[in-house]
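First up is the structure itself, then whatever we jot down about it.
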Amino acid sequence: PLSRYPPLINDISFWLPSETYSKNDFYDLARTIGGDLIEKVVLVDEFTHPKSKKVSHCYRIIYRHPERTLTQDEVHRIHQAIEESAVRELGVEGRF
C-alpha cells in the first residue's frame, strides 16, 4: 500500500463522443485535476448500447492522501470537477 490511510473510491461513467476519444485523455484530465490525491484510475467497464451503438466507459477513481484521511466531501468536490471537465473538454455525455 502507498499509505496507511484508507482510500475513497468513486466511479464515473459517460457516453463517448466519437471514435476520436482516447482513454489516455481521460486519465490525463483526472490526474491534472486530482493531482497527488488520485492513486489510481482504472477502466472497469465498457458497454455498447445494442440499438444506438453508443459506447459507454466506466472508470474507477481511487483517491488517497499520503498523510491523512480524506473526507467524502473533499473527494466529492474533486470528483465533480472531473465530471464537469470531462463533459466540457472531452465532449462526453455524462451518466452521473
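Couple of notes before you dig in:
Yes/no per residue for (1) touching a residue at least 12 places away in the same chain (Cβ under 8 Å); (2) open to solvent by 30 Å² or more (accessible area, probe 1.4 Å); (3) assigned to a loop (DSSP other than H, G, I, E, B); (4) touching a helix residue (DSSP H, G or I) at 6+ places or on another chain (Cβ under 8 Å):
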| site | (1), (2), (3), (4) |
| --- | --- |
| 27 | yes, yes, no, no |
| 31 | no, yes, no, no |
| 36 | yes, yes, no, no |
| 43 | yes, yes, no, yes |
| 51 | no, yes, yes, no |
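- Failed item in (1) at pLDDT 95 or above; (2) over 11 Å from the mean Cα position of the chain (by Cα); (3) under 20 Å from residue 8 (Cα atoms), with residue 68 passing the rest: (1)
- For the residues 82, 62, the requirement of being surrounded by 13 or more Cβ atoms within 10 Å (Cβ to Cβ) and free of Cβ contacts under 8 Å to residues at least 60 places away in the same chain singles out 62.
- Residue satisfying all of: in region 3-25; part of a strand (DSSP E or B) and of a type in the set (Phe, Trp, Tyr); surrounded by the fewest Cβ atoms within 10 Å (Cβ to Cβ) among these: 15
- Of the criteria (1) among the acidic types (Asp, Glu); (2) over 11 Å from the mean Cα position of the chain (by Cα); (3) surrounded by 14 or more Cβ atoms within 10 Å (Cβ to Cβ), which one residue 89 fails: (3)
The values are calculated or read from the model by the stated rules, or taken from the named source; none is laboratory data. These numbers come from a predicted model, not from an experiment. So basically every Cβ, Gly included, is an ideal-geometry build from the backbone, and we count neighbours across all protein chains shown. We work out accessible area using only protein heavy atoms, side chains counted, and drop any ligands, DNA or RNA first. Shrake-Rupley method; radii C 1.70, N 1.55, O 1.52, S 1.80 Å.
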